[in-house]
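Colleague: Dropping a structure here in structure tokens format, bear with me for questions.
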Amino acid sequence: MNAASIAIYTIVLLICTNLFGLIYSMLVLYTSIFKKFSIQKKPYVKGLFSKRMPLYLFNITLLLTISGFGAFFFADFFSQEFSIGTIIFQVIFAFVIDDIFFYFYHRWLHENKYMLKTVHSIHHRATKPFPLEYLYAHPIEWMLGMIGAFLGFAILFSFIDVNIYAFWIFGGLRNLHEIHIHSDLELPVSSKIPLLSKTKHHDDHHAKLTGNYSSTFMWMDRLFKTNF
């Protein structure tokens, strides 16, 4: 694969995961299929989906642009060898680094009064979130939130070539996880996956505006006693 192909495949992957988020959101908002799995029983505010769509589209455009150009310009550093062991190691490593960064970054957004009031408060208008609400954030918060993933792969780049399949798997899974933890649904299957944070963990954060700062895992909250 050349650089252009890698960039295109990266963009297509992210488009597909967010199309899933769009369909997921519409099913949650406009059908009763998932109603029995809802964590918060209060109804959704009518009209929010269409009202917030411009910010969803703006942030997804940022995601596609930054990820696409990043994949293109760093294409020469990617290994294209399909090695299961390497892929698993790099995906887990990237998730751990990303989650450590996200914990401190997210906590800072809450403890810094200026950032909470002017930036992060936008995301917290979603007191009862639905899947695409992961995109409902101030663009500055959205772009800074990508640093964790960049750090994870930058550290790997310092020692070894990053596997392109690990990069794609991480990107797809991270997107899908963010979509799901904003769904307000505690589904039987997803709630049984070990180590991963559950939807209720992040849903409680949206409902109470404090604590539960982790995203992918929960161990940082347990370590620093910010879980509830």
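A short reminder: the numbers here are calculations on the coordinates, not readings from a lab. If you're wondering where the values come from, they're calculated on a predicted model, not measured in any experiment. Every residue, glycine as well, gets a Cβ built from its backbone with ideal geometry; the counts of neighbours run over all protein chains shown.
Colleague: Calculate the length of the line joining the C-alpha centroid of region 101-131 to that of region 45-76, in whole Å.
Modeller: Each part's Cα centre sits 18 Å from the other's.
Colleague: In debye, nearest 20, what is the charge dipole magnitude of the chain about its Cα centre with +1 on Lys and Arg Cβ and -1 on Asp and Glu Cβ, if you could check?
Modeller: Computed about the Cα centre, the dipole is about 1220 debye.
Colleague: Further question on the same structure: When the gyration tensor of region 3-74 is built from Cα positions, what are the square roots of 5 times its three eigenvalues, in whole Å, from largest to smallest?
Modeller: In descending order, the three semi-axes are 32, 14, 8 Å.
Colleague: Need the list of lysines near residue 46 for cross-linking: C-alpha distance under 24 angstrom, and skip anything on the same chain fewer than eight residues off.
Modeller: Counting by Cα, and skipping residues close in sequence, residue 46 has these lysines nearby: 35, 36, 128, 200, 208.
Colleague: Let me ask something additional. Could you tell me which residue out of 135, 82, 168 lies farthest along the dipole of region 3-223 toward its positive end? Charges go on the beta carbon: Lys and Arg +1, Asp and Glu -1, centred on the Cα centre.
Modeller: Highest projection toward the positive end goes to 135.
Colleague: Hey, another quick one. Going by average Cβ neighbours within 10 Å, how do the peptides 87-97, 108-118, 131-141, 215-225 rank, with the highest at the top?
Modeller: My ranking of the peptides, most packed first, is 131-141, 87-97, 215-225, 108-118.
Colleague: Under 15 Å between alpha carbons, and skipping anything fewer than 8 positions from residue 117 in its own chain: which aspartates and glutamates qualify?
Modeller: 141
Colleague: If you don't mind, there's one more thing I want to ask. Largest first and to the nearest Å, give the Cα extent of region 65-216 along each principal axis.
Modeller: 45, 37, 23
Colleague: Once the Cβ-Cβ distance between residue 4 and residue 44 is put in as r, and R0 is 35 Å, what FRET efficiency do you end up with, to the nearest 0.05?
Modeller: 0.30
Colleague: Take each uninterrupted DSSP H stretch in the chain, measure its Cα extent along the helix axis, and return the ones at 30 Å or beyond whose mean Kyte-Doolittle hydropathy is at least 0.5. Mind dumping the intermediate values first?
Modeller: Values: long enough: 3-30 (40 Å, 1.98); 48-73 (37 Å, 1.19); 84-111 (40 Å, 1.01).
Result, helices passing both filters: 3-30, 48-73, 84-111.
Colleague: Taking the Cβ-Cβ separation of residue 27 and residue 146 as r and a Förster radius of 25 Å, what is the calculated FRET efficiency to the nearest 0.05? The partial results should precede the final answer.
Modeller: On the way: r = 28 Å, r/R0 = 1.10.
The calculated FRET efficiency here is 0.35.
Colleague: Something else: Taking only C-alpha pairs under 8 Å that are 6+ residues apart, what is the relative contact order of the chain in percent? The partial results should precede the final answer.
Modeller: On the way: 277 pairs, mean separation 63.5, N = 228.
Reported as a whole number, the value is 28 percent.
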